[in-house]
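The values are calculated or read from the model by the stated rules, or taken from the named source; none is laboratory data. These numbers were taken from a predicted model, which means no experiment stands behind them. Here Cβ is always computed from backbone atoms with ideal geometry, including for glycine, and neighbour counts include all displayed protein chains.
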Amino acid sequence: MNVPESIRTILENLPERPGVYLMRDDQGEVLYVGKAVNLRSRVRSYFTPSAQENPKIRRLVARVADLEFIVTDSELEALILEANLIKAHRPRFNVRLRDDKRYPYIKITWAEPFPRVLITRRIERDGSRYFGPYTSSAALHQTLDLLRRSFPYLTCNRKITGQDERACLYYEMGRCLGPCIGAVSQEEYRAMIEGLIRFLEGRSEEVIADLERRMHEAADALDFEQAARLRDQLQAVQKIIERQRIVAAAGSDQDVIAFARDDGNACVQVFFIRGGRLLGREYFLLEGAEEEEDRKVMAAFLKQFYRDAPYVPPEVILPEEVDEALVIERWLRSKRGGKVTIRVGRRGRARDLVQMATENALQTLRMLRAQWEADAVRQERALEELREALGLPARPARIECYDISTTQGTEPTGSMVVFVQGVPRKSDYRRFTVRTVEKPDDYAAMREVLTRRFRRWRMAASGEAQGTRGTKTWAILPDLLLVDGGRGQLGVALEVLESFGLRGRIAVAALAKREEALFVPGRAEPIRLPPGSQGLFLLQRIRDEAHRFAVSHHRLRRRRAGLASELDAIPGIGPARRRALLRAFGSLERIRAASVDELAAVPGISRSLAEAIKARLG
């Protein structure tokens, strides 16, 4: 095969060392990331005649314009670096988790005196405990709602002193123990949170034993109110446990992982077994798995899944052997800080669990395929209806919608949302802080937003914006430009398009919310799509998404502006000290609740200034 001279030179000088290699195309985009025990032999193997018999490798090598490698001290270091680089670049030729988002976790802020229970998508080294991941936010909220009946934890941001005059509604509903009013001590509250942690870890028998002990102690001390509260909590926990299926030996923690394929798609199912009970299951979709062997697909999933996992069990059960099993096992041991075994479920209960996970993965794929097909039919129908209604030559594949949000003329903001083939492409969403409009004028604000958008298109098209963030997004012109409003906003859009020489190249329309009428150029009467039509539903969804995106940014700016003005009104507080206070406390409420000593501990805040802040805000 013909290998470019530049690539040949790199191949001839590769070291015989462990490391990671990156293959790039002629635009510098990373096509593939791999690891090797011996970089020289592994990378050179892609360019041999025998390797070209694999269609995927043949397509990959044909696009490679540059090679980069990073030498590591060991294969284990190479594995860790490979996982990080795949997450950072998401190369199209690697097997990778489909969703480019962080999965939600349960976070317990254990480092706080009164820990709260939150949902987060970011794991930090802050002393908190994390449980998950969960692929469904809705299912996670349902889980927490159920758990809160048994473990009435805090969710608010109050500074807990036990001296508040009144508790919130959650206390009245029995969903919070009320430490803010001193209804429970810190020790009692943390004991309850410890029970929740043990429960999430699968140590439910310990939770029951502890609740029973504390209930009897309270009764013996004639604290019947506390005993009744613990009794209710105990009964709620027992109801949850009854729903959990015992699937393994008591005390065992395992992850059982299997996957299924269907017409190019791959779905991995993970069963989380803690203390012998099946606590939950999650599925994950993979991309780039079509022409890969099962062993390689599973190895790729293990590296990406456990890269961010907050907990690694002592045993991982798989349907078959995987590539790099020994080095993955070593890596998992280093993450766990103890023994981890990867084994194949070949017989007995382990085999049954793997079969059950495989069947669940297959059923999930079938369900998702049915949903995708139904959604695809609806989206095609909606786009076809829009093509016919607007007289377009083809279906509008890319639709951009713009909205302006303002309250009495203050802090105006604009939003741009993008739908591709009827589906939101959130990576292309953009927000605009309106800079040139000082009085209430939605037309002027829309003019500024659209002008800035197409100015960036012109820069991207001319090459002026090479290397800047979001260049690819700005370079793509929409097939349909949609603005929220009526004829006035339509006129503004046409004026801007005219100034950039784009009028006639881009279809444009305005959707009036009150009438749900579509105003288009050259027509005296608006277009009214039939109620309930897929085309109207899609336009409403896009318009509402643009409004939501604009309003969320506008609220954030107003909140920041209000916070800044309240702090700036205090003599001695300027931008630098305001930022220092916000970094230290995070919100105005927490600044207001802080003591003079806590305020004075912030860099740049003297004792006298802390007293002035307390006097003004307290």
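How many of the residues in the range 153-212 are aliphatic (A, V, I, L, M) and in a loop (DSSP other than H, G, I, E, B)?
The number of residues fulfilling the criteria is 6.
Could you tell me which of the residues ILE605, ILE542 is more than 30 Å from VAL420 (Cβ to Cβ), crowded, with 18+ Cβ neighbours inside 10 Å and modelled with pLDDT of 80 or more?
Sole residue among the options that is more than 30 Å from VAL420 (Cβ to Cβ), crowded, with 18+ Cβ neighbours inside 10 Å and modelled with pLDDT of 80 or more: ILE605.
Of all residues in the range 477-524, those that are in a helix (DSSP H, G or I) and either within 12 Å of MET446 (Cα to Cα) or touching a Leu at 6+ places or on another chain (Cβ under 6 Å) (or both) total 9. In the range 176-194, the qualifying residues are those that are touching a Ser or Thr at 6+ places or on another chain (Cβ under 9 Å) and surrounded by 15 or more Cβ atoms within 10 Å (Cβ to Cβ), and the one that is modelled with the lowest pLDDT is CYS176.
State the number of residues belonging to the range 195-231 that are surrounded by 15 or more Cβ atoms within 10 Å (Cβ to Cβ) and not β-branched (Val, Ile, Thr).
22
Summed over the range 71-87, residues that are surrounded by fewer than 16 Cβ atoms within 10 Å (Cβ to Cβ) and over 26 Å from ASP294 (Cβ atoms) total 3. Listed conditions (1) assigned by TED's automatic domain parsing to the domain that holds LEU482; (2) closer than 26 Å to PRO531 by Cβ are all met by GLY391, apart from (1). So how many residues does the range 116-143 have that are of a type in the set (A, V, I, L, M), surrounded by 18 or more Cβ atoms within 10 Å (Cβ to Cβ) and at pLDDT 80 or above? Result for the range 116-143: 1.
Just one of the listed residues (GLU205, GLU225) is farther than 25 Å from ARG116 by Cβ, modelled with pLDDT under 85 and out of contact with any Phe, Trp or Tyr (no Cβ under 9 Å at 6 or more places or on another chain), namely GLU205. Regarding the range 10-20, can at least one residue be identified that is assigned to a helix (DSSP H, G or I) and of a type outside the set (A, V, I, L, M, F, W, C)? Yes: one or more hits.
Taking the range 161-174 as the range and being touching a Ser or Thr at 6+ places or on another chain (Cβ under 9 Å) and either surrounded by 15 or more Cβ atoms within 10 Å (Cβ to Cβ) or hydrophobic (A, V, I, L, M, F, W, C) (or both) as the test, only TYR170 passes. All conditions but one from (1) of a type outside the set (Lys, Arg); (2) within 30 Å of ARG425 (Cα to Cα); (3) in contact (Cβ under 8 Å) with a residue 12 or more places away in the chain; (4) in contact with a Phe, Trp or Tyr (Cβ under 9 Å, 6 or more places away or on another chain) apply to LEU85; the one that does not is (4). For the range 368-378, does any single residue satisfy the condition of being under 30 Å from PRO478 (Cα atoms) and either at pLDDT 90 or above or touching a helix residue (DSSP H, G or I) at 6+ places or on another chain (Cβ under 7 Å) (or both)? The answer is yes, given that some residue of the range 368-378 is under 30 Å from PRO478 (Cα atoms) and either at pLDDT 90 or above or touching a helix residue (DSSP H, G or I) at 6+ places or on another chain (Cβ under 7 Å) (or both). Does SER415 meet the test of being surrounded by 23 or more Cβ atoms within 10 Å (Cβ to Cβ) and touching an Asp or Glu at 6+ places or on another chain (Cβ under 8 Å)? For SER415, the condition - surrounded by 23 or more Cβ atoms within 10 Å (Cβ to Cβ) and touching an Asp or Glu at 6+ places or on another chain (Cβ under 8 Å) - is met. Counting only strands (runs of 3 or more DSSP E) that fall entirely inside the range 266-380 and contain at least 1 residues that are within 24 Å of VAL423 (Cβ to Cβ), the qualifying elements are 277-287.
Among the residues of the range 293-307, are any at pLDDT below 85 and surrounded by fewer than 19 Cβ atoms within 10 Å (Cβ to Cβ)? No - not one qualifying residue is present in the range 293-307.
Selection of first residues in the range 479-501 that are touching a residue at least 60 places away in the same chain (Cβ under 8 Å) and of second residues that are part of a loop (DSSP other than H, G, I, E, B) and among the aliphatic types (A, V, I, L, M), restricted to Cβ pairs under 6 Å at least 6 apart or on distinct chains, gives the following pairs, ordered by first then second residue: ASP479/ALA397. Look at GLU292 and say whether it is farther than 20 Å from GLU359 by Cα and either acidic (Asp, Glu) or without any contact (Cβ under 8 Å) to a residue 24 or more places away in the chain (or both). Criteria met by GLU292. Kindly indicate whether any position in the range 22-39 is of a type in the set (D, E, K, R), closer than 12 Å to PRO91 by Cβ, outside the structural domain of ILE328 (by TED's automatic domain parsing) and modelled with pLDDT under 90. Taking every residue of the range 22-39 in turn, at least one turns out to be of a type in the set (D, E, K, R), closer than 12 Å to PRO91 by Cβ, outside the structural domain of ILE328 (by TED's automatic domain parsing) and modelled with pLDDT under 90.
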